[in-house]
Amino acid sequence: MIKLGRNDDCWCGSGKKYKKCHFEFDEKLEHYKRMGARVPDHKLLKTPEQIEKIKASAAVNIAVLDYVAEHIKPGVSTAEIDKWVYDETVKRGAIPAPLGYEGYPKSVCISVDDIVCHGIPCEEEILQEGDIVNVDCSTILDGYYSDSSRMFLIGEVSEEKKRLVEVTKKSLEIGLEHVKPWGYLGDMGQAINDYATENGYTVVREIGGHGIGLEFHEEPWVSYTSKKGTEMMMVPGFMFTIEPMINMGKADIFVDDEDGWTVFTEDGLPSAQWEIQVLVTEDGYEIISY
Ligand code: MF3
Ligand code: CO
């Protein structure tokens, strides 16, 4: 961190003098850092201008998921949904972030039943009555990133699977209540893990959320099996995803070794996931994408 003079322009780009802007904030960060806390770098904190651009990206991401919500139904292939996502994104002047990301071949991840995440859309996979489906959309607009996912129930779904989807959503909402400036990511992680396990489910350990905004996946990696009072501190301007994967059976997972992407539950039981993108504010949080 470069030490700024009190009369220098603030690092945040507000144009205000440092002493009138982030001076006290930095003192506080330094204080927590000395006490051993992990605090975000300045480069992870979004400026108001960046937040506006990220929100514009998120507006596309939300619209694309809304489109999917209106059209998804039994008999549709996951390849068709991939095409909807591509077309609805591009027609709004944006790019689907997954396409070509580390070699990922499609525009969206679609994960049905025992697929935990990163399911690759294909022609042969036809949605059936009773499926639970995660559609995970991510968008780049003007170089800024947004990312969120929702679950969809296809036709009549068993009470068992419906409950998994509902508890997963509720766990995310409970986690969100723990997003507060000067709190810890572990406060949120533990709240999610506690709620899921109290309901008889397990939380995937190996895959988590991430910082986001200027890149698809920024620091830090975000766990939903963490302990309160641990992990990175949440401070105003910090942006990340909450995206717990909750399994009906055991927490163990494996990655398909043929495609290198698709993640399955080891026991073949269903898994659910919801994802939102969140900004930490002065007095709590703001949901950026859902
Ligand atoms: N959207 C996923 C996430 O929530 C990332 C998928 S990477 C991809 O972080 F390449 F598979 F798209
Ligand atoms: Co994500």
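Reported count of residues in the stretch 273-290, each being open to solvent by less than 20 Å² (accessible area, probe 1.4 Å), assigned to a strand (DSSP E or B) and away from ligand 2 (no atom under 13 Å from the Cβ), is 2.
Listed by first and then second residue, the pairs linking a residue in the stretch 161-177 that is assigned to a helix (DSSP H, G or I) to a residue that is open to solvent by 80 Å² or more (accessible area, probe 1.4 Å), with Cβ atoms under 7 Å apart and 6 or more places separating them unless they lie on different chains, are Leu176/Tyr285. Looking at Phe240, Phe264, just one residue is buried (at least 23 other Cβ atoms within 10 Å of the Cβ), of a type in the set (Phe, Trp, Tyr) and at pLDDT 95 or above, and that residue is Phe240. Taking the criterion of being assigned to a strand (DSSP E or B), within 16 Å of ligand 2 (Cβ to nearest atom) and touching a helix residue (DSSP H, G or I) at 6+ places or on another chain (Cβ under 7 Å), would at least one residue in the stretch 263-272 satisfy it? Within the stretch 263-272, one or more residues are assigned to a strand (DSSP E or B), within 16 Å of ligand 2 (Cβ to nearest atom) and touching a helix residue (DSSP H, G or I) at 6+ places or on another chain (Cβ under 7 Å).
Comparison of Lys33, Lys73, Lys20 shows that the only residue that is open to solvent by 80 Å² or more (accessible area, probe 1.4 Å) and touching a Gly at 6+ places or on another chain (Cβ under 9 Å) is Lys73. Does any residue of the stretch 244-261 turn out to be within 13 Å of ligand 2 (Cβ to nearest atom), small (Gly, Ala, Ser) and closer than 20 Å to Glu166 by Cα? Within the stretch 244-261 (the criterion being within 13 Å of ligand 2 (Cβ to nearest atom), small (Gly, Ala, Ser) and closer than 20 Å to Glu166 by Cα), the answer is no, since none of the residues qualifies. Touching a residue at least 60 places away in the same chain (Cβ under 8 Å) and more than 15 Å from the chain's Cα centre (by Cα): which single residue out of Thr241, Thr281 fits that description? Going through Thr241, Thr281 in turn, just one is touching a residue at least 60 places away in the same chain (Cβ under 8 Å) and more than 15 Å from the chain's Cα centre (by Cα): Thr281.
The set of residues from the stretch 16-42 being more than 17 Å from Lys3 (Cβ to Cβ) and in contact (Cβ under 8 Å) with a residue 40 or more places away in the chain comprises Tyr32, Ala37, Arg38, Pro40. Would you confirm whether or not the stretch 201-217 contains a residue that is open to solvent by less than 10 Å² (accessible area, probe 1.4 Å), part of a loop (DSSP other than H, G, I, E, B), of a type outside the set (Gly, Ala, Ser) and in contact with a Gly (Cβ under 7 Å, 6 or more places away or on another chain)? No, the stretch 201-217 contains no residue that is open to solvent by less than 10 Å² (accessible area, probe 1.4 Å), part of a loop (DSSP other than H, G, I, E, B), of a type outside the set (Gly, Ala, Ser) and in contact with a Gly (Cβ under 7 Å, 6 or more places away or on another chain).
Residues in the stretch 86-100 include at least one that is surrounded by 19 or more Cβ atoms within 10 Å (Cβ to Cβ) and without any contact (Cβ under 8 Å) to a residue 40 or more places away in the chain. Working only within the stretch 108-141, note down all residues that are part of a loop (DSSP other than H, G, I, E, B), within 15 Å of ligand 2 (Cβ to nearest atom) and open to solvent by less than 20 Å² (accessible area, probe 1.4 Å). Val108, Gly119 - these are the residues of the stretch 108-141 that are part of a loop (DSSP other than H, G, I, E, B), within 15 Å of ligand 2 (Cβ to nearest atom) and open to solvent by less than 20 Å² (accessible area, probe 1.4 Å). When you scan the stretch 249-261, do you find a residue that is within 24 Å of Asn61 (Cα to Cα), at pLDDT 95 or above, open to solvent by less than 20 Å² (accessible area, probe 1.4 Å) and not in a strand (DSSP E or B), even just one? No: the stretch 249-261 contains no residue that is within 24 Å of Asn61 (Cα to Cα), at pLDDT 95 or above, open to solvent by less than 20 Å² (accessible area, probe 1.4 Å) and not in a strand (DSSP E or B).
Selection of helices (runs of 4 or more DSSP H) fully inside the stretch 1-100 by the criterion of at least 2 residues being of a type in the set (S, T, N, Q) and farther than 20 Å from Met234 by Cα returns 48-71, 78-90. Among the residues making up the stretch 142-171, a single one is of a type in the set (A, V, I, L, M) and either within 16 Å of ligand 2 (Cβ to nearest atom) or open to solvent by 80 Å² or more (accessible area, probe 1.4 Å) (or both): Met151.
Within the stretch 156-169, the presence of a residue that is touching a helix residue (DSSP H, G or I) at 6+ places or on another chain (Cβ under 7 Å) and of a type outside the set (A, V, I, L, M) is excluded. Based on what the data block shows, is Gly208 free of Cβ contacts under 8 Å to residues at least 40 places away in the same chain and within 14 Å of ligand 2 (Cβ to nearest atom)? Yes: the conditions hold for Gly208.
The values are calculated or read from the model by the stated rules, or taken from the named source; none is laboratory data. Just so it is clear, the model here is predicted, and its values are computed rather than measured. A quick note on method: Cβ atoms are made from the backbone with ideal geometry, for glycine too, and the neighbour counts reach across all protein chains shown. Side chains included, ligands, DNA and RNA excluded: accessible areas come from the protein's heavy atoms. Shrake-Rupley method; radii C 1.70, N 1.55, O 1.52, S 1.80 Å.
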